Amino acid sequence: MKIRVREIHLSWRKGKGSRRKIVGVLKRTATNGITFHYLKDGCEDAKKEGFSEYPGFPLSYTKIYREDDLDIFSLRLISNDRKDNLKLLKFWEAEGVTDKFDLLALTQGLLPTDNFEFLGLFNPAKGFKFVTDLAGLSHIELERGSIAIGDKLTYEFEYSEKAYSKKAVKVFKNDIHVGYIKNIHNNIFLKLALNSFLLTVKDIEQNGIIKNIFVLVHYNK
C-alpha cells in the first residue's frame, strides 16, 4: 500500500475524556522539506487547560522548526528493538512502511506517558487502510460487551462548529451511537461520498464500561 502523507497535526488534551486541541502542524513539501510550527488558536485554547509546549520545542508563534530539528519526533515511532515490533506495525496497518513521516501518521506516535497524538491528513486511494480510535466514549458510557472485535459499523455526517470543516463523523453499531471519528482523521471522510469507507472494530479496551474502540477504516471504492 503506497502512502505519502503531506501533513500531520499535533493534538494535545488534558486527559482522557477531554477535548483534543490541535496545537501544531508538521508539513512535508518538495521545496521546504519537513517543517513544524505551532498553531496560535489551538495553543491559546490548550493553555487554559495546562498546555505549555511540546518537549524540546519552545513555544513560539513565529518560529518554523526545520527538518534538522525534528529528529526528536522519531522517538515517537515503534522501536525496531521491541520484540512486538511486527505485531504493533500490523495492528496499525503499517507493515512494510519505511518512511518515518508516514509511520508517524499511521501509528499516531502514541506514548503512554503523555497526551500528545500525531494525526495525519490522509489522501484516500483505493485499498487504503488506517486505524483510529473513536472519540466521545467517556460521554457515551457503553456497557461492557456491547461492542465486539469484528463488528461492522456505519457512520453519518453531523454539523459541528468544533469539528474539522464543521462536519463531525458520527459512528454507529446498528442504531446505537458508539462515538465519533476524531478531528483531523475525519478529513478523509469529508473528501468522499457517504459510505465510501468500511468500518470494522479492530480492538477494544474495557472494564466495567468500554473505554476505547479502535476501528479499521478501509476505503472500499
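The values are calculated or read from the model by the stated rules, or taken from the named source; none is laboratory data. Remember, predicted model here, so these are calculated numbers, not experimental data. Cβ coordinates were reconstructed from backbone atoms using ideal geometry, including for glycine residues, and neighbour counts include every protein chain displayed. Keep in mind that these areas ignore ligands, DNA and RNA; they rest on the heavy atoms of the full protein, side chains included. Shrake-Rupley method; radii C 1.70, N 1.55, O 1.52, S 1.80 Å.
In region 126-147, which residue that is over 18 Å from the mean Cα position of the chain (by Cα) and more than 15 Å from VAL171 (Cβ to Cβ) is most open to solvent (accessible area, probe 1.4 Å)? Here the answer is LYS126. Please enumerate the residues belonging to region 59-94 that are assigned to a loop (DSSP other than H, G, I, E, B), surrounded by 12 or more Cβ atoms within 10 Å (Cβ to Cβ) and either of a type in the set (Lys, Arg) or under 20 Å from the mean Cα position of the chain (by Cα) (or both). Residues satisfying the conditions are LYS63, ARG66, LEU77, ILE78, TRP92, GLU93, ALA94.
Where residues in region 21-40 are under 19 Å from ALA163 (Cα atoms) and in contact with an Asp or Glu (Cβ under 7 Å, 6 or more places away or on another chain), which of them is modelled with the lowest pLDDT? The residue in question is LYS21.
From the list GLY17, GLY50, the lone residue that is small (Gly, Ala, Ser), surrounded by fewer than 20 Cβ atoms within 10 Å (Cβ to Cβ) and either in contact with a Lys or Arg (Cβ under 9 Å, 6 or more places away or on another chain) or not in a loop (DSSP other than H, G, I, E, B) (or both) is GLY50. Taking every residue in region 28-54 that is more than 24 Å from ASN123 (Cβ to Cβ) and pairing it with any residue that is in a helix (DSSP H, G or I) and of a type outside the set (Phe, Trp, Tyr), at least 6 positions away or on another chain, the pairs with Cβ-Cβ distances below 8 Å are PHE51/CYS43.
Go through the residues of region 113-123 one by one and say whether even a single one is among the charged types (D, E, K, R), surrounded by 17 or more Cβ atoms within 10 Å (Cβ to Cβ) and in contact with a Lys or Arg (Cβ under 6 Å, 6 or more places away or on another chain). Checking region 113-123: not a single residue is among the charged types (D, E, K, R), surrounded by 17 or more Cβ atoms within 10 Å (Cβ to Cβ) and in contact with a Lys or Arg (Cβ under 6 Å, 6 or more places away or on another chain). Contact annotation: residue pairs with Cβ atoms under 7 Å, 6 or more positions apart or on different chains, pairing a residue in region 136-159 that is in a helix (DSSP H, G or I) with a partner that is among the small types (Gly, Ala, Ser), are LEU137/GLY179; SER138/GLY17; ILE140/GLY179.
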